[in-house]
Each structure stands twice: as structure tokens, then as C-alpha cells.
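Student: Have a look at this one.
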Amino acid sequence: RTSVSQSIQIMKFVGVVFALLSVTQAFLPQLYVRPAVASSRDFLLKASDGDEVPKWSRIEGNQLDPSEKDFEIMDEMITKLSNAKPYELPNAVRRAFRVISSPKFFMRIAERTDETDDPVEKAKLGSLASNLVSTLEVVVETTEETLDERAKEVETVLKAAAEPETGEFLVPLLPTQVQEMRKSLEGLEPFSLDEGFLSTVDAWMNKSHQDGMDGMVGILQKVLQMYSGVQILRAKEKMEGAESTPASELFEKLLTLDTELWDVEIRNGTKEMKCASLIREIQKTMESVVLGLENGSMAQRVQAEYLRELVTRAEAIQQKE
């Protein structure tokens, strides 16, 4: 069938799908000694120029059978895209690249084509599959250029963690190094903190893990955590009519801190109020900010995990109240 053959064409895009882990690696255990894990020069050259570090990480979502929720998301996208104008497809594909470039997405189009008896609907779905293949080819080309730029920006953030005299990465990072990394990340253009940025960090984390460089994994975890704090805080600042409360002030402060300092700050900040107030504030932000991000995007996954970790920390302290 034509729809099935079109789905097979998309297999070539599997190698360039944005990384999106079922559970991200931002909160894996870290080392608590300070051995040198790599020199900044060697690691960054290897990561940015060599073929050994993939620009794309493995596609965990494509290794699992789609859940009922996954099918709902795909069906919603397919319906919207089938009714969209051809010139609207590139932007739509960029916003949901991970989902749309999946072979399972095209197989779902094929299934829906087989299931419908409406000739008009069949024609729309067949045209959609064909248009998506050509659109993906263009988007992939521009995406590769973007990832080269994002790799340089990730390098900039990582270099702030290197020892100034030796250029080596030592773990755990000193507070001053964490602060410099955050300052470097905040200095990037806001549009740089996109799926390409996260994809690069994720790919380098996977490669570091495969090479047994657990210390480097820990440093890259920090990048994901800082990214989440910065993006959520920026989103909150844009919200109109948000009332300032002790809970919201504490939450916003936590977003600016290294996650290693969360427990102490939560205990200090909840002496005059209940942890439940802080937890409600975090959950409210989850609903108003994170759930408003593109469904299935890496940005949504990373920021959601960051807030879930913060809720877990607050709940653990709440139990001791």
C-alpha cells in the first residue's frame, strides 16, 4: 500500500530524531570526590568535531509500543496536519519533530488510511504522508546546521566548569564553578535554549556514560538542571497577574540555586509556612508552564522531571514537620 511504503521512507530519519528519554538523566547519582574526569580541550574537541560523539541520542520512544496516550497525541497531530496548508507544515514539523519523524507516526497515518471509508479522508492522509516526507528532508538539513551552533553553545557553558589553570573537569563542581556555568547559560540568547540545545546535552551525556566518564555525566546533569531553572523562572516572570506570596518567593529562589542546596533552603524557607504551600506553588507552575509546552518535547520532559524532583524533596521535608 502506498501509505505503508511512505512510512518506510521515513526510516532514514531515525538517525536524526531529537533525543527524548522516557526518564531524563538530570538527577542520576553523582560522584563526591574530585578526580579529573577529562581535560576540557580533549573532551570538547572530541564532542564537537569527532565522529565518536553522536549528535543524536538513541530514540527510547521508538523502542517501546505506543501507549494509549501516545496514540491520542499522534491522532491529534495527524488530524491537525491533514487540515493544514502545505506552507504551514515546516513550522509544525519543527515544533514536534521527535513525534512526527518517528516511523510509528507514519505507520499510524497508514492505519488511519486503511480504517477510513471516506475517499476524501483517504486522499488527505495520503497527501499528508507524502508532504511530510519532503518537509522532513528540508527540516533535517536546517536542523543539522542548528545543532552545530548549539554544540558551540553547550561548549561555552561546559568550559565555565573547567579548572582555570589546568583546563580539567573535576567533580563534584565547586560552588563558584556552578555559578559560572549558570551565568554562562543565562548569557545565551533565549532562542538558543531549544530542542537542539537539549539534544546536544543529552547526546554528550549518553556518550560520556558509554565511555565510563561518570564525572562528565554529572557535569552535564548540572546543565540540564540549570536549563530547567532558568526556563521555568523566565516563564513565570512573563505570567501576568501572578501574586507574590512567601511560597512563590521561596520557589523562585529555589529555581536560581544549585539542586545540592535545595534541602537546606526548603527547611529554612518553610520555618514560617507549611511545605504544603510550596508544593502547591510548584504544582501550579507545572500546570501553567510545563504542561503548556509542546506535547512530547524534550523541553517538557526535562522541565517536568526537574519540578517532580523538587516536589519530592519538599514532600520528604514535609513528612518530618
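Student: Could you give the length gained on full extension between Lys80 and Gln319, defined as 0.36 nm per residue of separation minus the Cα-Cα distance, in nm? Working shown, then result.
Tutor: Details: separation 239, 0.36 × 239 = 86.04 nm, distance 4.55 nm.
That pair, Lys80 and Gln319, stretches by 81.5 nm at full extension.
Student: Also: Which peptide among 311-317, 154-160 comes first, and what is the full order, when sorted by highest mean count of other Cβ atoms within 10 Å?
Tutor: Those peptides, ordered most packed to least, come out 154-160, 311-317.
Student: Hey, with R₀ at 25 Å, roughly what FRET efficiency would Lys238 and Asp263 work out to, going by the Cβ-Cβ distance, to 0.05? Please report the intermediate quantities before stating the final value.
Tutor: Details: r = 29 Å, r/R0 = 1.15.
Step by step, r from the Cβ atoms, then E = 0.30.
Student: How much of the accessible area of the range 116-187, in percent, comes from carbon and sulfur atoms when a 1.4 Å probe is used?
Tutor: Values: 1840 of 3660 Å².
Here it works out to 50 percent.
Student: Convert each backbone phi in the range 200-212 into a coupling constant with the Karplus relation 6.51 cos²θ - 1.76 cosθ + 1.60 (shift: θ = phi - 60°), then list the ³J(HN,Hα) values in order as whole Hz, x for Gly and Pro.
Tutor: 5, 4, 5, 5, 5, 5, 4, 5, 4, 5, 5, 8, x
Student: Here's a follow-up. Applying a 10 Å radius around every beta-carbon, put 182-189, 303-310 in order of their mean neighbour count, most first.
Tutor: Taking the mean over residues of other Cβ atoms within 10 Å, the ranking is 303-310, 182-189.
Student: Classify the range 140-249 as rounded, prolate or oblate, taking a ≥ b ≥ c as the square roots of the eigenvalues of its Cα gyration tensor: rounded when a/c is under 1.5, otherwise prolate if a/b is larger than b/c and oblate if not.
Tutor: oblate
Student: Rounded to the nearest 0.05, what FRET efficiency is calculated for Tyr87 and Glu121 with R0 set to 22 Å and r the Cβ-Cβ distance?
Tutor: So, using R0 = 22 Å, E works out to roughly 0.50.
Student: Please say if the range 191-321 is rounded, prolate or oblate, where rounded means a/c under 1.5 for a ≥ b ≥ c the square roots of the C-alpha gyration tensor eigenvalues, and otherwise the choice is prolate for a/b larger than b/c and oblate otherwise? Intermediate results must be reported in sequence, preceding the final value.
Tutor: Numbers: a/c = 2.39, a/b = 1.43, b/c = 1.67.
Oblate.
The values are calculated or read from the model by the stated rules, or taken from the named source; none is laboratory data. Small disclaimer: the values here were computed from a predicted structure and weren't measured. Glycine gets a Cβ as well: all are built from the backbone with ideal geometry, and neighbour counts include every protein chain shown. Surface accessibility is based on the protein's heavy atoms, side chains included, excluding ligands, DNA and RNA. Shrake-Rupley method; radii C 1.70, N 1.55, O 1.52, S 1.80 Å.
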